[in-house]
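J.: Structure provided below as structure tokens; questions to follow.
The values are calculated or read from the model by the stated rules, or taken from the named source; none is laboratory data. From a predicted model like this one, the values you see are computed outputs, not experimental measurements. All Cβ positions, even for glycine, are placed from backbone atoms using ideal geometry, and neighbour counts span all protein chains on display.
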Amino acid sequence: MKKTKPYGNTLKGQYLAGARDRITGFLLADGAVRGAILSGTRMVNEMRSNHELGILETLVLGRAYLGIGLMAADLKGDDRVALQINCSGPIKGLSVEANAFGEVRGYLKRVPIPIDAPVEDFDLSRFFGAGILSVTKHLQGAKQPFTGQVELRHGNIAQDLAHYFLTSEQVPTALNLSIKFDREGEVVGAGGLFLQAMPGAADRLAAELEAQVLSFPSLGDVFAGQQMPEALVLKAFTDYAPRILSDRRVEFMCHCSRARLEGLLALLPVRDLKDLRDNGPFPVQMRCHNCNTPYEFSREEVEAIYGSRYPNN
């Protein structure tokens, strides 16, 4: 993977931006509620640059990155979680995933998103339409992945993820996902908050905290400043005796490589690979869906790939 525009004007600025991008996991009310908060300004900016996104596309995919990052807060080892949306609206869908190391990657299925009128607010429901939201968990030691699905109900990633957790996993959940743009359309702040009521939590407590999440200040505004996630949790939820469980990095990161893309090229049907070898165009360029990094292969390299697979042709 190559980041086309690392976030920060200097090496020091890049380091400080990376230090502020964090996922903090915590418990409230003696363990009755678990939560996570994410600061992801650098992550969203680097995602936007690599995928060459406009404001609308950044808002859609950025919210998905924040949401999947929060869902990865309690993963361990080689665990990873993936979110997919397939829908009838102009977006068509998206695919994102995150692992236990806080690495997030993924893509929109249509870029740019076609629009027939200027976007005047952050209500994106008309761009989703009808569709299906799927969550797949790949857990270390499990014999097979677990996948749950729900119909899109809101056309809002935060609300539809909350609907997924309540419907598919029977866990009351509230999410707040926020991205702040300045007047020039640049992302200056991005963050998310995730709360889940544990089994046995009082209904009154769950309702109180859900209302607090929904009325929470814009995390895009909050993280546009120097606020750190852990400090915000301790301040905002002081009445619920917050206990910090984890604090780790979150980053736009993909482990694609030239060798992996070469392997995919070698798997093309023999007719397609032969046509590519004979007709090009060269250099052949392949891009990783998840991070949009381009990899180029010369005529000689394509001939070698074809020859290694079909030595007698």
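J.: Any residue at all in region 90-112 that's within 30 Å of residue 206 (Cα to Cα) and in contact with a Ser or Thr (Cβ under 7 Å, 6 or more places away or on another chain)?
T.: no
Conditions (1) surrounded by 15 or more Cβ atoms within 10 Å (Cβ to Cβ); (2) modelled with pLDDT of 90 or more; (3) not basic (Lys, Arg), marked per residue:
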residue	(1), (2), (3)
205	yes, no, yes
213	yes, no, yes
217	no, no, yes
228	yes, no, yes
241	no, yes, yes
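J.: Same structure, new question: Which pairs turn up if I take residues in region 172-183 that are without any contact (Cβ under 8 Å) to a residue 40 or more places away in the chain and look for partners that are buried (at least 19 other Cβ atoms within 10 Å of the Cβ) and not in a strand (DSSP E or B) with beta carbon separation below 6 Å, at least 6 apart in sequence or on another chain?
T.: Going by the 6 Å Cβ cut-off, the qualifying pairs are 172/206; 173/162; 173/165.
J.: Go through region 149-172 and report how many residues are over 12 Å from residue 85 (Cβ atoms) and either touching a Gly at 6+ places or on another chain (Cβ under 7 Å) or of a type in the set (Val, Ile, Thr) (or both).
T.: Matching residues across region 149-172 total 5.
J.: Another question, then. So how many residues does region 250-285 have that are assigned to a strand (DSSP E or B) and either at pLDDT 95 or above or crowded, with 16+ Cβ neighbours inside 10 Å (or both)? Walk me through how you get there before you give the answer.
T.: So in region 250-285, the residues assigned to a strand (DSSP E or B) come out as 251-252, 284-285.
From what's left, either at pLDDT 95 or above or crowded, with 16+ Cβ neighbours inside 10 Å (or both): 251-252, 284.
The number of residues fulfilling the criteria is 3.
J.: Where residues in region 286-313 are surrounded by 12 or more Cβ atoms within 10 Å (Cβ to Cβ) and among the charged types (D, E, K, R), which of them is nearest to residue 106 (Cα to Cα)? If you could, list the steps in order and put the result at the bottom.
T.: From region 286-313, those surrounded by 12 or more Cβ atoms within 10 Å (Cβ to Cβ) are 286-299, 301-307, 309-310; that's our starting set.
So of that shortlist, the ones also among the charged types (D, E, K, R) come out as 287, 296, 299, 301, 303, 309.
On the way: 287: 13, 296: 21, 299: 30, 301: 28, 303: 31, 309: 30 Å.
Looking at the filtered set, the residue picked out is 287.
J.: Can you name the number of the only condition in (1) touching a residue at least 40 places away in the same chain (Cβ under 8 Å); (2) over 30 Å from residue 5 (Cβ atoms); (3) out of contact with any strand residue (DSSP E or B) (no Cβ under 6 Å at 6 or more places or on another chain) that residue 245 fails?
T.: Answer for residue 245: the failing condition is (3).
J.: Mind checking which strands (runs of 3 or more DSSP E) fall wholly inside region 84-183 and carry at least 2 residues that are small (Gly, Ala, Ser) and within 19 Å of residue 68 (Cβ to Cβ)? Spell out how you get there, then give the answer.
T.: On the way: elements: 93-99, 103-108, 131-138, 146-151, 173-181.
Qualifying strands (runs of 3 or more DSSP E): 93-99, 131-138, 173-181.
J.: Okay, moving on. Here are the criteria: (1) in a loop (DSSP other than H, G, I, E, B); (2) closer than 26 Å to residue 17 by Cβ. Tell me which single one residue 199 does not satisfy.
T.: (2) is the only condition that residue 199 fails.
J.: Let me ask something else about it. Which of the residues belonging to region 105-121 are in contact (Cβ under 8 Å) with a residue 60 or more places away in the chain and on the phi < 0 side of the Ramachandran plot? Show your work before the answer.
T.: First pass over region 105-121, keeping only residues in contact (Cβ under 8 Å) with a residue 60 or more places away in the chain: 105-107, 111, 119.
If the condition is that a residue be in contact (Cβ under 8 Å) with a residue 60 or more places away in the chain and on the phi < 0 side of the Ramachandran plot, then 105, 107, 111, 119 are the ones that fit.
J.: Hey, another quick one. So which of 66, 61 is without any contact (Cβ under 8 Å) to a residue 60 or more places away in the chain and within 10 Å of the chain's Cα centre (by Cα)? First the steps, then the outcome.
T.: Values: 66 fails: without any contact (Cβ under 8 Å) to a residue 60 or more places away in the chain.
The unique qualifying residue is 61.
J.: Select from region 120-146 the residues that are among the small types (Gly, Ala, Ser) and in contact with a Ser or Thr (Cβ under 7 Å, 6 or more places away or on another chain) and list them in ascending order.
T.: At the first step, the residues of region 120-146 found to be among the small types (Gly, Ala, Ser) are 125, 129-131, 134, 141-142.
Answer for region 120-146, where residues must be among the small types (Gly, Ala, Ser) and in contact with a Ser or Thr (Cβ under 7 Å, 6 or more places away or on another chain): 129, 130, 131, 134.
J.: Within region 158-172, how many residues turn out to be buried (at least 22 other Cβ atoms within 10 Å of the Cβ) and more than 16 Å from residue 136 (Cα to Cα)?
T.: 1
Per-residue answers, yes or no, for (1) crowded, with 24+ Cβ neighbours inside 10 Å; (2) touching a helix residue (DSSP H, G or I) at 6+ places or on another chain (Cβ under 7 Å); (3) on the phi < 0 side of the Ramachandran plot:
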| position | (1), (2), (3) |
| --- | --- |
| 49 | no, no, yes |
| 53 | no, yes, yes |
| 65 | yes, yes, yes |
| 77 | no, no, no |
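J.: Right, something else. Sort out which residues of region 202-249 are small (Gly, Ala, Ser) and part of a loop (DSSP other than H, G, I, E, B), and write them in order of number.
T.: Residues of region 202-249 small (Gly, Ala, Ser): 202, 206-207, 211, 215, 218, 220, 224-225, 231, 236, 241, 246.
Within region 202-249, 202, 215, 218, 225, 241 meet the criteria.
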